[in-house]
Amino acid sequence: MIEIRRLSHRFGDGTQGLINVDLRIAAGEFVAIVGANGSGKTTLLRHLNGLLQPTEGEVRLKGESVSRNLKRARQIVGMVFQDADSQIVGETVFDDVAFGPENLCLPTETVQARVTTALRSVGLADKGHLRPHLLSGGEKRRLAVAGVLAMQSEVIAFDEPFSNLDYPGVGQVLAQMLALRDTGATILVTTHDIEKLLPHAERVVVMAGGRIRADGPATDILPHLETYAVRVPCATRLGLEPQSWLT
Amino acid sequence: MADLSVFTYTPGLSGLHEGDARFKLLTLLLLTVTISTGRLWSLFAVNALLVTGLFLIRVPLPTLLKEMRYFGAFLLLVWLVRALGTPGRIVVSFGPLALTLEGAGQGGLICWQMVTVLMAGLLFTRTTRMVELRAATAWMLKPIPFLNTHQAALMLGLLVRFIPLILTQAKEIRQAQQARGLENRRSPFLRLTAIAFPLLRATLIKSDRIATAMAARGYTGRSTPFNFVAQTRDWMLLGLATLLASSHLWG
Ligand SMILES: Nc1ncnc2c1ncn2[C@@H]1O[C@H](COP(=O)(O)OP(=O)(O)O)[C@@H](O)[C@H]1O
Ligand SMILES: [Mg+2]
């Protein structure tokens with residue numbers, strides 16, 4: 001599904017955001033990308049839909065290079081950003097979800113049908129007429145997810161989805177992610193705190209200093225996390241089974 | 001800085017909300033023309049129409065008055081300048097300054113016109129979504145040659161999107177500065193720069209985030225065309241506004 005080859009990114013000011021990243025992700029995988037602040041997680045995600053262009057290397061989606069067709073890349077990869085408020089572009093919940101499909105220039109009826117379906121699947125069907133800024137933190141994230149669903153994206157990338165969320169908010173977003181995974185979507189989640197994802201992520205990719213430092217099943221990676229400035233969950237430290245935040 | 005939340009789109013199901021934005025925009029223009037002629041009875045008529053509208057969409061009066069307090073102060077100033085600066089029959093005088101009857105009347109009329117235009121604008125912005133406004137503007141600019149209506153409408157839409165953002169940001173920064181005792185500083189220059197620079201920075205950062213989020217959702221400026229549906233009531237509203245605007249021709 002996603003194929004990243006020798007990807008490097010240097011920012012205008014000379015900061016090396018990514019160095020020689022190689023990563024392949026198959027369709028339907030649920031991948032946690034962990035790393036300390038500044039390790040390059042956000043930069044990596046932004047290459048998936050061409051928000052950033054590689055300094056070196058290449059990103060391919062289903063065999064075709066992202067930079068060759070940005071419109072296609074942005075339809076395939078949906079993104080849920082860290083700051084929920086600055087993702088809102090519509091004046092009502094309904095309009096906000098319609099923004100993506102309208103940019104695909106779909107006919108009005110198709111747009112409306114997609115928005116209705118998307119709102120229903122994130123449980124915001126009865127809030128379509130509200131102002132998005134009035135939603136709770138968890139609801140805003142779900143609104144962003146609905147915006148992605150309405151574009152029928154196959155890959156959904158969440159950037160630090162648990163930041164600024166209260167306990168119920170984390171539960172809502174986590175449940176939404178798992179529901180998406182069950183529909184066959186490919187899911188990438190970045191976080192600096194692996195605990196909330198632990199029992200669910202099959203694969204963990206560890207980043208530090210713009211490089212991928214470890215990649216594999218959660219059980220193999222966990223004991224080494226602290227080497228990369230990522231907190232090891234209490235349960236793992238105590239030798240217990242990780243518990244889901246959903247229960 | 002004033003918080004202008006009453007002037008933002010507020011979802012609702014009134015006839016004005018569901019009306020065709022092209023007709024609403026034309027009506028707004030015609031009403032502005034009518035108001036600017038300054039004829040008393042047409043001003044009354046426009047006011048009657050607008051007050052009915054405000055009642056229909058249930059504008060929260062206390063919030064409106066609270067947010068308009070600076071505007072009220074401004075109106076008072078406008079009125080005073082007129083009332084004191086127009087020659088005529090003197091009502092009271094303060095040294096060299098004299099408040100005249102004619103001046104008070106003219107000032108009153110100007111203030112009334114301004115309030116009326118504001119009310120019309122309020123009705124329009126509260127009931128019209130940005131997408132509709134954008135589409136209506138593009139429709140209206142279409143006959144103008146050599147103008148990329150798409151781009152122009154896009155600019156307008158972005159402007160509307162960013163104004164509340166800047167206002168909210170300004171409020172947050174001012175409160176943060178107040179919490180750190182900025183009010184105790186005397187220098188107005190210092191007070192201004194203490195807010196202006198963080199505001200500029202925060203606005204740029206936030207604008208950048210919004211632009212990125214829009215790009216991520218495939219925004220190129222081109223999107224599904226907006227379908228307007230005009231109903232009888234839209235034509236009726238426009239007819240009424242045309243009648244009022246042309247009243248000086250026949251009355
Ligand atoms: N626009 C930018 N200009 C310059 N440097 C940047 C920019 N964005 C991020 N960086 C730098 O790139 C590195 C990786 O950042 P980022 O991908 O945001 O990390 P993470 O998301 O893991 O916290 C950091 O050192 C950061 O300071
Ligand atoms: Mg980040």
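Summary of computed values
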{"read-out": "Pair list, Cβ < 8 Å and 6+ apart or interchain, from segment A:36-57 residues that are over 9 Å from residue A:18 (Cα atoms) and modelled with pLDDT under 95 to residues that are near ligand 1 (Cβ under 7 Å from one of its atoms) and assigned to a helix (DSSP H, G or I)", "value": "A:52/A:43"}
{"read-out": "Matching option when the condition is within 16 Å of ligand 2 (Cβ to nearest atom) and at pLDDT below 95, among A:30, A:11", "value": "A:11"}
{"read-out": "Subset tally (residues that are within 14 Å of chain A (Cβ to nearest Cβ), in a helix (DSSP H, G or I), touching a residue at least 40 places away in the same chain (Cβ under 8 Å) and over 13 Å from residue B:238 (Cβ atoms)) for segment B:14-24", "value": "1"}
{"read-out": "Criterion: within 16 Å of ligand 1 (Cβ to nearest atom) and either of a type in the set (A, V, I, L, M) or over 19 Å from residue A:159 (Cβ atoms) (or both) - qualifying residue of A:72, A:5, A:10", "value": "A:10"}
{"read-out": "Count of segment B:223-239 residues which are within 14 Å of chain A (Cβ to nearest Cβ) and either more than 21 Å from residue A:49 (Cβ to Cβ) or in contact (Cβ under 8 Å) with a residue 12 or more places away in the chain (or both)", "value": "5"}
{"read-out": "So residue B:193, is it loosely packed, with under 12 Cβ neighbours inside 10 Å, modelled with pLDDT of 75 or more and closer than 30 Å to residue B:39 by Cβ", "value": "no"}
{"read-out": "Residue A:113 vs. criteria buried (at least 19 other Cβ atoms within 10 Å of the Cβ), under 26 Å from residue A:176 (Cα atoms), among the small types (Gly, Ala, Ser) and more than 10 Å from chain B (Cβ to nearest Cβ)", "value": "no"}
{"read-out": "Test: residue A:78 is within 22 Å of residue A:160 (Cβ to Cβ), modelled with pLDDT of 90 or more, among the small types (Gly, Ala, Ser) and within 16 Å of ligand 1 (Cβ to nearest atom)", "value": "no"}
{"read-out": "Residue A:118 more than 14 Å from chain B (Cβ to nearest Cβ) and in contact with a helix residue (DSSP H, G or I) (Cβ under 8 Å, 6 or more places away or on another chain)", "value": "no"}
{"read-out": "Failed criterion for residue B:232 (all others in (1) modelled with pLDDT of 85 or more; (2) surrounded by 13 or more Cβ atoms within 10 Å (Cβ to Cβ); (3) within 30 Å of residue B:15 (Cβ to Cβ) hold)", "value": "(2)"}
{"read-out": "Positions within segment A:34-61 being assigned to a loop (DSSP other than H, G, I, E, B) and within 12 Å of another protein chain (Cβ to nearest Cβ), in sequence order", "value": "A:49, A:50, A:51, A:52"}
{"read-out": "Residue check for residue A:149: in contact (Cβ under 8 Å) with a residue 40 or more places away in the chain and away from chain B (no Cβ under 11 Å)", "value": "yes"}
{"read-out": "Lone qualifier among B:242, B:220, B:203 - being of a type in the set (S, T, N, Q), surrounded by 12 or more Cβ atoms within 10 Å (Cβ to Cβ), within 14 Å of another protein chain (Cβ to nearest Cβ) and not in a loop (DSSP other than H, G, I, E, B)", "value": "B:203"}
{"read-out": "Inter-residue pairs, beta-carbon under 6 Å, first in a loop (DSSP other than H, G, I, E, B) and in segment A:7-27, second within 16 Å of ligand 2 (Cβ to nearest atom) and at pLDDT below 95, 6+ apart", "value": "A:11/A:17"}
{"read-out": "Matching option when the condition is within 28 Å of residue A:106 (Cβ to Cβ), more than 16 Å from ligand 1 (Cβ to nearest atom) and among the small types (Gly, Ala, Ser), among A:185, A:157, A:175", "value": "A:185"}
{"read-out": "Residues of segment A:14-27 that turn out to be more than 14 Å from ligand 2 (Cβ to nearest atom) and over 20 Å from the mean Cα position of the chain (by Cα), as a count", "value": "4"}
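One line per residue, one yes/no per condition, for (1) part of a helix (DSSP H, G or I); (2) facing chain B (nearest Cβ under 9 Å):
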position	(1), (2)
A:73	yes, no
A:78	no, yes
A:83	no, yes
A:86	yes, yes
A:91	no, yes
A:98	yes, yes
A:105	no, yes
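Conditions tested, residue by residue: (1) closer than 21 Å to residue B:134 by Cα; (2) within 14 Å of chain A (Cβ to nearest Cβ).
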| site | (1), (2) |
| --- | --- |
| B:8 | yes, yes |
| B:12 | yes, yes |
| B:26 | yes, no |
| B:36 | no, no |
| B:42 | no, no |
| B:45 | no, no |
| B:56 | no, no |
| B:63 | no, no |
| B:67 | no, no |
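The values are calculated or read from the model by the stated rules, or taken from the named source; none is laboratory data. Values in this document were obtained by computation on a predicted structure and should not be read as measured data. Positions of Cβ are generated from backbone atoms using ideal geometry, with glycine treated the same way; all protein chains shown enter the neighbour counts.
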